[in-house]
Amino acid sequence: MTIQTILIIAIAAVFAVAALLAIIRMILGPSILDRAIASDVLLSEVLCILGADAVINHHTYMLPVMLMIAATGVLGTVAVARFVARRDRARERADG
């Protein structure tokens, strides 16, 4: 086993544990913001995995996919933030 193989296995293990923890947070919540942050973490992990694959295998053909995943993450975060802000404003009006 070379050092590169050991490092790849270690990287895969760390990403797998982080993805599992993010999925657990997405399921358990408890709030929509917790789920949104976990979703962002999971998308970031996918980006890191694709980036690591590109570096290890010396290719760049996944770059457009990475850009689309990043854009999806940003737009999803903005949509959730706007939803929560509107919901909070509606609650303030109803209570006040």
- Message: Any residue that is of a type in the set (S, T, Y), more than 30 Å from T5 (Cβ to Cβ) and exposed (fewer than 10 other Cβ atoms within 10 Å of the Cβ) - is there at least one of those in region 37-45?
- Response: no
- Condition broken by P64, with the remaining ones in (1) under 13 Å from the mean Cα position of the chain (by Cα); (2) open to solvent by less than 90 Å² (accessible area, probe 1.4 Å) satisfied: (1)
- Could you please tell me which pairs satisfy a Cβ distance under 7 Å, a separation of 6+ or placement on different chains, a first residue in region 52-75 that is at pLDDT 90 or above, and a second residue that is loosely packed, with under 12 Cβ neighbours inside 10 Å? A54/T60
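The values are calculated or read from the model by the stated rules, or taken from the named source; none is laboratory data. Every value quoted in this text rests on a predicted model; they were computed, and no experiment measured them. No Cβ is skipped: glycine too gets one built from the backbone with ideal geometry, and neighbour counts run over all protein chains shown. What goes into the accessible areas is simple: the full protein's heavy atoms, side chains included, and nothing from ligands, DNA or RNA. Shrake-Rupley method; radii C 1.70, N 1.55, O 1.52, S 1.80 Å.
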